[in-house]
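The values are calculated or read from the model by the stated rules, or taken from the named source; none is laboratory data. Since we're looking at a predicted model, the values are computed, not measured. Cβ: placed from backbone, ideal geometry, glycine included. Neighbour counts: every protein chain shown.
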Amino acid sequence: MATEFAVKNIEDQTRELLDGRVQSIRHLVTARLRITEIQAQLENAEREDARLYAAAQRIGWSTHELRELGITEPVQSTRPGKRSAAKTLFMVPGNPVPVSPDEN
């Protein structure tokens, strides 16, 4: 009887430790997803900015005139290449190695 109690006690302590670890991963994954979302929004905003800047130039505004108005040239993306869903990595349960969605 005392052995069953000891085993149950150890199991409960183990679950508490694991729950804390799982919670930390949940927070980490949520933060990473938020970063990905914000990066996509930034990329969209940069593309729109470049499109509108080019449109202003097409209707006659020069780079010099735009600068005098405080409007600088669009920011050139320093990120290497375009991010695609195929490059996003996911963890497959039971697989310790991250895989791309194509490999699922």
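Some points to look at:
- Residue pairs meeting the criteria (Cβ under 8 Å; at least 6 apart or on separate chains; first at pLDDT 95 or above, in the stretch 43-61; second polar (S, T, N, Q) and in a helix (DSSP H, G or I)): Gln57/Thr63
- Which listed residue, of Arg83, Arg21, is in a loop (DSSP other than H, G, I, E, B), of a type in the set (D, E, K, R) and modelled with pLDDT under 95: Arg83
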